[in-house]
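Beneath this line is the structure, given in structure tokens, with notes to follow.
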Amino acid sequence: MCVINRIKLLGLCLVVVGMACQGEEQSGTFAEKLKTLSVKPTVAVSFADKKLESTGTAAVTLQPVKGEPAFVAGPANDNALVISDQDAGVTGLSISGAGICSAAEGSFVCFFTPLAAYEDKPDKRHYFFAESNSDGGIYCYIMGNTRVTLQFRDLDKSWPSYAFDYKWYKEGEHFEAGKWYHIAVTWNSTDVKLFVNGILKNGGVKSHKTAIDFKNIMLGAYGGQSSLNGAIANVAFFDKCLSAEDIKVLSAK
């Protein structure tokens with residue numbers, strides 16, 4: 001084989017290998033993706049083995065609320081936990097322990113899909129997570145079927161001025177049952193950002209004084225009601241704001 005043909009063949013092999021590696025990176029497991037991030041998770045829950053375990057840096061206890069854990073096939077080579085106030089699954093997952101993050105700064109990420117179409121009503125809320133105590137509160141939920149909200153309850157017990165409501169959708173779009181979405185929210189004392197499927201949808205600068213440290217998070221529900229009524233996978237909390245690059249990695253299916 002002449003030198004030129006060998007060079008061409010070598011180049012073709014490198015292209016094929018590069019494409020294979022790129023595909024492997026995009027479809028890597030949750031654990032593999034986490035290792036590439038610039039920030040390490042405090043809580044990282046994968047349901048790949050259909051177990052409730054956290055591999056983050058914080059020592060936490062995971063406790064299902066009511067019902068028996070049920071799982072469905074999820075994205076990114078993972079299973080997904082069903083959280084519902086209907087017949088199947090659990091109504092929530094309690095995450096308890098120190099060192100998770102605080103309202104001062106943090107990030108939350110997950111994949112989720114609605115089990116059924118959400119009603120487009122303002123009073124219908126489907127919670128990703130919530131925590132509330134005497135130092136304040138933080139709540140992340142879908143209002144109706146189109147609006148993702150990150151809301152703080154401040155030290156003086158006020159809320160309206162500390163609600164960050166972000167419509168991520170184009171007119172007419174909504175969360176569809178059976179379709180997987182990657183949600184990421186980052187926050188600090190002055191800035192909040194929402195990413196959907198790895199894309200920054202909205203961000204804003206508003207100050208809040210909530211002093212809450214996360215110690216008793218309810219995943220997928222609030223107060224035993226307003227359940228997510230969906231399946232959730234690749235769940236993680238961080239005590240720092242994730243970069244857009246890190247979120248892009250985590251959002252790959």
#### Entry: Test result for residue 142, farther than 21 Å from residue 31 by Cβ, at pLDDT 85 or above and assigned to a strand (DSSP E or B)
yes
#### Entry: Selected residue (criterion: farthest from residue 101 (Cα to Cα)) from residues of region 119-155 that are out of contact with any Ser or Thr (no Cβ under 9 Å at 6 or more places or on another chain) and among the basic types (Lys, Arg)
121
#### Entry: strands (runs of 3 or more DSSP E) lying entirely in region 40-90 (those with 3 or more residues that are touching a Gly at 6+ places or on another chain (Cβ under 9 Å))
43-45, 61-65, 79-83
### Task
Starting from residues that are among the hydroxyl-bearing types (Ser, Thr, Tyr) and touching a Ser or Thr at 6+ places or on another chain (Cβ under 7 Å), keep the ones in region 87-116 and report whichever is farthest from residue 41 (Cα to Cα).
91
### Task
Assess whether residue 116 counts as being out of contact with any Gly (no Cβ under 7 Å at 6 or more places or on another chain), more than 24 Å from residue 215 (Cβ to Cβ) and among the small types (Gly, Ala, Ser).
yes
### Task
Go through region 71-83 and give me each residue that's surrounded by fewer than 18 Cβ atoms within 10 Å (Cβ to Cβ) and either of a type in the set (Gly, Ala, Ser) or without any contact (Cβ under 8 Å) to a residue 40 or more places away in the chain (or both).
73
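The values are calculated or read from the model by the stated rules, or taken from the named source; none is laboratory data. All values derive from a computational prediction rather than experimental measurement. Here Cβ is always computed from backbone atoms with ideal geometry, including for glycine, and neighbour counts include all displayed protein chains.
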